[in-house]
Amino acid sequence: MRPSEKTLKLRELPPSERPRERLLSAGAHALSDSELIAILLRTGSKEVSVLHLAEQVLAHARSLRGLLEMDVSELMHLPGLGQAKAIQLKAALELGRRLTREMHARPVIKSPEDAANHLMDRLRYEWQEVFVVLFLNTKHEVIGEKDIFKGTLDASLVHPREVFREAVRMSAHALILAHNHPSGDPSPSREDREVTARFTEAGRLLGIDVLDHVIIGDGRYSSLREMNFLT
């Protein structure tokens, strides 16, 4: 950046050099790290432009990872950052961290064993039944997981409409039903089979496959598909 640009306001720069305009015309991927930070900071200070301020912030942190590891109080000590700018920057970095975790942490469910392993540690020690639905995309990656019901499983209390409303909202391709048996014995009951049948029929009507109903016991599981209770 030319020395004279350090104190220039964004509106004083040619449109081709303004981060917001560049993002609109060339896409976010075309911007440098400092330009993206400048968009988040919005304004500079009396001493420096927002672009130069963004460069200073990045230089002090040494990297985006360095910025991510700073808490708000540490960010506030960077030159030109007050509380408001530090909070804005921290919020944006946290969203990026969560997105990265979400994109790289989606388990793939290819078998009843995969589903059981995914849920075993969470459900095996529950003292009452917890009915869970795993929502899957076309690659059978888990794109959502929701507890639907807690208590003694009753076919009349677990409504397919609530589950499939959520499936449609998530654009789920398929789902897997699951719940635990606090007794530790994962053998399916009559109620388990009735719930499975209701959901399978509802899924067939809506074009969303119910791939399985997995019952979690104490270190063991049952698959209603493997037991031919789900067709």
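The values are calculated or read from the model by the stated rules, or taken from the named source; none is laboratory data. All values derive from a computational prediction rather than experimental measurement. Note: ideal-geometry Cβ built from the backbone for every residue, glycine included; neighbour counts use all protein chains shown.
Selection within the range 77-110: residues that are basic (K, R), within 11 Å of the chain's Cα centre (by Cα) and within 21 Å of L134 (Cβ to Cβ). The member of this set that is modelled with the lowest pLDDT is R101.
Looking only at residues of the range 124-177 that are assigned to a strand (DSSP E or B) and acidic (D, E), we find that the one that is farthest from R101 (Cα to Cα) is D147. Evaluate the range 99-122: report whether one residue or more is basic (K, R), in contact (Cβ under 8 Å) with a residue 60 or more places away in the chain and assigned by TED's automatic domain parsing to the domain that holds V142. For the range 99-122, residues basic (K, R), in contact (Cβ under 8 Å) with a residue 60 or more places away in the chain and assigned by TED's automatic domain parsing to the domain that holds V142: absent.
Let's see how each residue does on (1) touching a residue at least 60 places away in the same chain (Cβ under 8 Å); (2) farther than 15 Å from L93 by Cβ; (3) surrounded by fewer than 17 Cβ atoms within 10 Å (Cβ to Cβ):
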position	(1), (2), (3)
E35	no, yes, no
I39	no, no, no
V50	no, yes, no
L58	no, no, no
R62	no, no, yes
M70	no, no, no
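With respect to R198, is the statement that it is modelled with pLDDT under 95 and either basic (K, R) or in the same structural domain as R122 (by TED's automatic domain parsing) (or both) true?
Numbers: modelled with pLDDT under 95: yes; either basic (K, R) or in the same structural domain as R122 (by TED's automatic domain parsing) (or both): yes.
Yes: the conditions hold for R198.
Note on the range 132-170: residues that are aromatic (F, W, Y) and buried (at least 20 other Cβ atoms within 10 Å of the Cβ) amount to 2.
Within the range 158-202, can you find the residues that are among the hydroxyl-bearing types (S, T, Y) and out of contact with any Phe, Trp or Tyr (no Cβ under 8 Å at 6 or more places or on another chain)? Talk me through it step by step, then tell me what you get.
As a first pass, look at the range 158-202 and keep what is among the hydroxyl-bearing types (S, T, Y): 171, 183, 187, 189, 196, 200.
Passing the criteria: S171, S183, S187, S189, T200.
Here is a yes/no grid of residues against (1) crowded, with 16+ Cβ neighbours inside 10 Å; (2) in contact (Cβ under 8 Å) with a residue 12 or more places away in the chain; (3) part of a loop (DSSP other than H, G, I, E, B):
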residue	(1), (2), (3)
H179	yes, yes, no
D192	yes, yes, no
T200	yes, yes, no
R204	no, no, no
L211	yes, yes, no
V214	yes, yes, no
E226	no, yes, yes
F229	yes, yes, yes
